[in-house]
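Working notes, beginning with the structure itself.
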Amino acid sequence: MSTTSSKKRAYASSAILYTFFVVGVIVLVNVIGTRVFGRIDLTENKVYTLSQPSRDLVKKLPDFLTVKAFISSDLPPEIKTLSRYVRDMIDEYRTSSNGKFRWEAISDGDKDADQNANSCKVDKIQIQVLRGSKFEMGSYYLGLCFLYGDKMESIPQIGRAEGLEFEISSLIKKLTVKKKKIAFTTGHGESETNQGFHALKQVLEQEYDLTTVNPSSAEIAADVDALVIGGPKQPFDDKGQREIDKYLMTGRGAVILDDGMSVSSPNQQQMGGMAQIKMVQSNQTGLDKILEAYGFKVGNDVIVDNEAAMPGLIDMGGGRRGLTQLPIWVGVQIAKNPGLSVLDGIRGVVFPLASTVDLVGPLAGGNVPAAAKLWKLASSSPSSFKHASFFIINQATKLEESKDHGPFAFGYAYQGTLKSAFVKGPEAGMSAADKQPPSESQKPVRLVVIGDSDFANDDYVQLARAFPVYEAGAFLLHNAIGWTVEDEALIPLRSKSMGNRPLKAVSEAKASTLKWVNILGLPVLFCAYGVVRWRLRRIARSSQTI
């Protein structure tokens, strides 16, 4: 009897100790959980996990940043899940910071909530919700306000989770990091953010100070961090070329989009609903001399690939536009370049009427100087061919195949020193030290050269509504600018999407096997686990002695 009592006391003591141990572990895990954030994210692009660039951004905050999250307490199910996503993301920013990121949630029931929301420029979302048996229009808060010193930025309404991290990190960067200046050239028919690249203007302004400059009539300012030449249609004169060369010799970067052939429309009256004629002809940009000195030659041609032709829009007259087969070709092979962020998140790009880009001079044959790097961005398929003469675009356009077949390069990214295209001896009476221009760039230059400017042009980017692949052109130019100024932190965030992961095609037999494994596999495994556990417990009981 005494033996039985002592065993009971031992079992009771063990149970109490075990209970205290479990409770202690739970408390400890909760304490750690309030200080250390983590989750298992099985999505392909890790859309539910904060990216490392965003973590680094808040970890380096120089001063306190306060975020006010306006979230209504009675959100309908339609956006309640989104509100949880917003809370989790903001909290992950906080835990990733150095303690200088603070946030608070403000409900519409809080005192002065409407006044605070108004001063923060946060608006209520109007959404139709089902109440009982009828639909009603409701107004709810779901927005963010960022306060940093005397500066304020806001996301007035959050309607979807996709792209939210990029938007938040862009605003944090805008508030806390000095913007770099990007200059678009003008005066030669180029596209720039007010015309041609207007679709990019809003997102570029979030990250950079934008300006314009005409190198043929003005110097490129010393505070310009990157230069964008967006497809000139008139040639740069000697002064303009020299100014671009002088700028690059300082070691600053540039994105040069050079159309070897240009598209123009003659002045004509539209009659009978006929489509406006578009002519494609050789385009002299005046950039040949400097580009060839750096190692690149843009051909006066277009790359044609009938197999990769994509449908496009043409003017049909009377304000109408119609779909037709235009000579628009896809860069079928996007290069895989480790260490280059220009193509991050881009699976395919449409290059309309792109010209070939060949390596010449110091880069001929792909020979790269020591300590320099060269990356091919994209190339055409082996079935592509060059067309180097005038032609007219219409519904019946069919270009005769030439003997010069691909693959052809659409463009390159280069990082390294550049030799000047304008090196000459000093003028009479002047010392060599005073007048000799630099023969080489002061430091490595980041340079992107593409034989097309239309890929990021508004006329084609707007086609993304019908053909999403056209959107990649704007991403490519945005990435190229970021890489050129060595400001690549947000590039990976632009490609984070919440789209469905595509399924790989498999044979019918394999698909059937996978189906039945999914249907029967887990139940069978669960039953097998139960049988094994039952047998082990039975064996343990049978071995006990009293």
Which one of these is at pLDDT 75 or above and either among the basic types (K, R) or assigned by TED's automatic domain parsing to the domain that holds V263 (or both): L343, L313, L323?
-> L343
Would you confirm whether any residue within the stretch 456-468 is more than 30 Å from R55 (Cα to Cα), exposed (fewer than 13 other Cβ atoms within 10 Å of the Cβ), in the same structural domain as G230 (by TED's automatic domain parsing) and modelled with pLDDT of 80 or more?
-> no
Neighbours by Cβ (under 7 Å, 6+ apart or cross-chain): first from the stretch 192-207, at positive phi; second in a helix (DSSP H, G or I) | G196/D458
If you take just the strands (runs of 3 or more DSSP E) that sit entirely in the stretch 119-218, which of them hold at least 1 residues that are surrounded by fewer than 18 Cβ atoms within 10 Å (Cβ to Cβ) and at pLDDT 90 or above?
-> 134-148, 151-155, 180-185, 208-213
Filter the stretch 222-235 for residues that are assigned to a loop (DSSP other than H, G, I, E, B) and touching a residue at least 40 places away in the same chain (Cβ under 8 Å); the one that is nearest to G196 (Cα to Cα) is G231
Filtered residues of the stretch 7-40 (kept if part of a helix (DSSP H, G or I) and at pLDDT below 70) | K7, K8, Y11, V31, I32, G33, T34, R35
Return yes when K297 is crowded, with 16+ Cβ neighbours inside 10 Å, among the basic types (K, R), at pLDDT 90 or above and outside any loop (DSSP other than H, G, I, E, B) and no when it is not.
-> yes
Any chance you could count how many residues in the stretch 236-286 are in a loop (DSSP other than H, G, I, E, B), out of contact with any Phe, Trp or Tyr (no Cβ under 6 Å at 6 or more places or on another chain) and modelled with pLDDT of 80 or more?
-> 12
Does the stretch 144-158 contain any residue that is under 20 Å from the mean Cα position of the chain (by Cα) and without any contact (Cβ under 8 Å) to a residue 40 or more places away in the chain?
-> yes
Which number in (1) outside any strand (DSSP E or B); (2) modelled with pLDDT under 85 marks the one condition that W329 misses?
-> (1)
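The values are calculated or read from the model by the stated rules, or taken from the named source; none is laboratory data. Just so you know, these numbers come straight off a predicted model, no measurement behind them. Quick reminder, even Gly has a Cβ in these numbers, built from the backbone with ideal geometry, and neighbours come from all protein chains shown.
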